[in-house]
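Working notes for the structure below.
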Amino acid sequence: MASARDIIAAEIQARDLVRNSRSSFYWAMRILPANKRQAMYAIYAFCRIIDDIADGAGQELEKRARLNFWRQQLDQLYQGNPGEFVGLALLQPVRRYDLRQDDFLAVIEGMERDAGPSVRMANEADLQAYCDAVACSVGRLSNQVFGIDRVTGAAIAGALGQALQLTNILRDVAEDAACDRLYMPRDLLARHGIESDDPVTVIGDLEFPAACRELAGVALEHYQNADRLLDRCGRKRLRPAVLMMENYRRVLAKLQRRGWRHLDRPVRLTLPEKIGVMVRYGWLPL
């Protein structure tokens, strides 16, 4: 059985992993009370490790073996005998917030799509399922920590997770294409007359901007749905989620202003923009 000292050390390691990732998630979590903050660090550390396996160096079989190792680690965690430091850091949050193993497993299953040498999405349902696995599942875990009832939390996680992941996909289309990854679904591309299966060819097609505009419209609908759900349940308990939403929504707006022909022009928020979002949605009353 893990000692209190072991658990504290694991919690510190999870926090440091999140901080060193230089993600805006870290600052969103900082505004939480201590127990919730620690839980979110542990959840994010788990996701960071799984993502690094999928996106890191190595052959597909090696990556899948490492992902299966983490399935085993989850089994150990839910049997009350965690091994790796992330499992130790998650031990108390799993019990305190009733976090579901299926949501952690969904993260692994989603990242398995990225572990291979190439990625293609057969259709919009396939893309939606992928976004649910890699993003909405994390939202469901987070909303349990935030204290939202499971049904409402799942609805918010569904809308916001889809919005954030679609924004990521639209932001990274050129970078992903260089890695033989194409997350734009085939049926959406076909509606715009794009038949190629080669990512570099697709993003260079004259009709590709129209396909991007359509997917951006889907993302905007998800943001609007998330807004309605957040208004209904109250935004104060969900400040970290609101912070992430407002950051990503601004990224999407910048992408739309830039357009979809000059994909070599990176889009990101400036430091003053990030600080402005933090002040408005993190510290001031909502």
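Descriptive notes on the structure:
- Filtered residue count, the range 112-150, keeping only those that are closer than 30 Å to Pro33 by Cα, of a type outside the set (A, V, I, L, M, F, W, C) and surrounded by 16 or more Cβ atoms within 10 Å (Cβ to Cβ): 7
- Counting only helices (runs of 4 or more DSSP H) wholly contained in the range 11-91, the ones carrying 3 or more residues that are farther than 26 Å from Thr270 by Cα occupy 34-55, 60-78.
- Unmet criterion (only one of (1) touching a strand residue (DSSP E or B) at 6+ places or on another chain (Cβ under 9 Å); (2) within 22 Å of Ile156 (Cβ to Cβ)) for Asp102: (1)
Residues are listed down the side, and each one gets a yes or a no for (1) buried (at least 16 other Cβ atoms within 10 Å of the Cβ); (2) closer than 18 Å to Ala122 by Cα; (3) without any contact (Cβ under 8 Å) to a residue 24 or more places away in the chain:
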residue: Leu206; (1), (2), (3): no, no, yes
residue: Ala211; (1), (2), (3): yes, yes, no
residue: Gly234; (1), (2), (3): no, no, yes
residue: Leu243; (1), (2), (3): yes, no, no
residue: Asp264; (1), (2), (3): no, no, no
residue: Val277; (1), (2), (3): yes, no, no
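- Where Tyr97 falls short, out of the listed (1) more than 22 Å from the chain's Cα centre (by Cα); (2) crowded, with 17+ Cβ neighbours inside 10 Å; (3) among the hydroxyl-bearing types (Ser, Thr, Tyr): (1)
Quick note: the coordinates plus some simple rules give every number you see, no bench work behind them. Just so it is clear, the model here is predicted, and its values are computed rather than measured. All Cβ positions, glycine included, derive from the backbone under ideal geometry; neighbour counts span all protein chains shown.
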